[in-house]
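Q: Structure in structure tokens, see below.
The values are calculated or read from the model by the stated rules, or taken from the named source; none is laboratory data. These figures come from a predicted structure and were not determined experimentally. Backbone-built Cβ (ideal geometry, glycine too); neighbour counts: all protein chains shown. What goes into the accessible areas is simple: the full protein's heavy atoms, side chains included, and nothing from ligands, DNA or RNA. Shrake-Rupley method; radii C 1.70, N 1.55, O 1.52, S 1.80 Å.
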Amino acid sequence: MKITKIVITGGPCAGKTTAMSWIQNAFTEKGYTVLFVDESATQLSSGGAPWRLTKNNREYQLQVTRLMLAKEQVFEAVAKTFDAEKVLIVCDRGALDNRAYMNGEEFRYVLEQLHTNEIDLRDHYDAIFHLVTAAKGAEEFYTLANNTARYETVEGAILSDDKLIAAWTGHPHLRIIDNRYNFNDKMLALITEIAAFLGEPRPMENRRKYLIRYPDVRELGSRPNCESVDILQAYLKSEIPGEMIRIRQRGRDGNYVYYKTRKRQIEGGKRIELEERLSKEEYLDLLMQADPEYRPIRKQRFCLSENGLYYNIDIYPQWKNQALMEIELYGGEETVRIPEGIEVIREVTSDKEFTNPAIARVNPGS
């Protein structure tokens, strides 16, 4: 059995309710048992306990988060009892959504009370899909009528949407679906993104990579829609020709999550990628088996969400004048837009010199 847990989030009036129906239909047909964890804040509001009545926001957000995590835990436990090969747990908002409605002190309080940290709270979900509010680019469709818990003006909806994107920025699999489409095409784009992540029919990526001037790290890190993480990765030997196996520690301030990834390059700059989570013990055991032909790579990654795209900007300690920027594109029609303040030297998507294995190789010429 494989259980995958994803979050559908987004600003007010973004299409989340309709999206749940589309997801149910699309992935049931693909052989998934699909479970839905409903939105906890709306559940409380519908039960007579809306946020706007509280006089203590940090306690309210703490209880919303506790309710959310408890429901997820129950759904995961029930899923493990099923006679099913593929289970998809779809969370109508995730724990980091609540961060958008707290200040820094309140968020730290919630983390302390839950005995957790931001990395664990964010990255215990497998993927995040953010639907942009209709207030951005589809204002004529923005309404308060279809959700009694909704109260934001158009301006408030835009601010809320920005805060939600910022809250999830830093997750390794965040995708943003904006309003460049009509509504049906927006739903189709969401289904396509989820299918691509799940590997239906196969997990294919199309990434563009650029060599850039060394950025202003301080300015980059100060942006509200940018989060930095520290990455340590190593490579394992594979018996399959052309396959790379990577293990990775990802996080910061002593809080990490661990992954094992298999990659195979195919034509047109695309690659097949399969990823699984590891425990710390599994990661350390595999690290002892690292391929000696490759050095471990350390880098600081800035995860930036702008222009409806998600950028990874990697800073390597051995490079003083340059860095690398990657953009994930699942749709062939997506237009690449360079973030403000980033100076591109050249595109290196097909340049093997700038792949991580090439950077890590002990004898680059071999």
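Q: So is residue 194 farther than 20 Å from residue 311 by Cβ, open to solvent by less than 40 Å² (accessible area, probe 1.4 Å) and under 20 Å from the mean Cα position of the chain (by Cα) or not?
A: So residue 194 fits the description; yes.
Q: Name every residue in segment 77-95 that is in contact with a helix residue (DSSP H, G or I) (Cβ under 9 Å, 6 or more places away or on another chain), farther than 20 Å from residue 18 by Cα and either in a loop (DSSP other than H, G, I, E, B) or hydrophobic (A, V, I, L, M, F, W, C) (or both), in order of residue number.
A: 87, 95
Q: Turning to a different aspect of this structure: Is there a residue being buried (at least 19 other Cβ atoms within 10 Å of the Cβ), touching a strand residue (DSSP E or B) at 6+ places or on another chain (Cβ under 6 Å) and farther than 20 Å from residue 275 by Cβ anywhere in segment 104-113?
A: no
Q: A further question on this structure: Just the residues that are among the small types (Gly, Ala, Ser) and modelled with pLDDT of 95 or more, please, taken from segment 318-338.
A: If the condition is that a residue be among the small types (Gly, Ala, Ser) and modelled with pLDDT of 95 or more, then 323 is the only one that fits.
Q: Under the condition of being in a loop (DSSP other than H, G, I, E, B), open to solvent by 70 Å² or more (accessible area, probe 1.4 Å) and in contact with a helix residue (DSSP H, G or I) (Cβ under 9 Å, 6 or more places away or on another chain), which residue from segment 24-65 is modelled with the highest pLDDT?
A: The qualifying residue modelled with the highest pLDDT is 38.
Q: Do the conditions hold for residue 138, that is, is it among the small types (Gly, Ala, Ser), open to solvent by 10 Å² or more (accessible area, probe 1.4 Å) and in contact with a helix residue (DSSP H, G or I) (Cβ under 9 Å, 6 or more places away or on another chain)?
A: Taking the combined requirement at face value, the residue satisfies it.
Q: With the condition being among the hydrophobic types (A, V, I, L, M, F, W, C), I'd like the helices (runs of 4 or more DSSP H) fully within segment 148-254 carrying at least 3 qualifying residues.
A: Counting at least 3 such residues, we get 154-168, 183-198.
Q: Output the residues belonging to segment 222-253 that are touching a residue at least 60 places away in the same chain (Cβ under 8 Å), open to solvent by 30 Å² or more (accessible area, probe 1.4 Å) and more than 18 Å from the chain's Cα centre (by Cα).
A: Answer for segment 222-253, where residues must be touching a residue at least 60 places away in the same chain (Cβ under 8 Å), open to solvent by 30 Å² or more (accessible area, probe 1.4 Å) and more than 18 Å from the chain's Cα centre (by Cα): 244, 253.
Q: Report yes if residue 311 is of a type in the set (Ser, Thr, Tyr), open to solvent by less than 10 Å² (accessible area, probe 1.4 Å) and out of contact with any His (no Cβ under 6 Å at 6 or more places or on another chain), otherwise no.
A: Taking the combined requirement at face value, the residue satisfies it.
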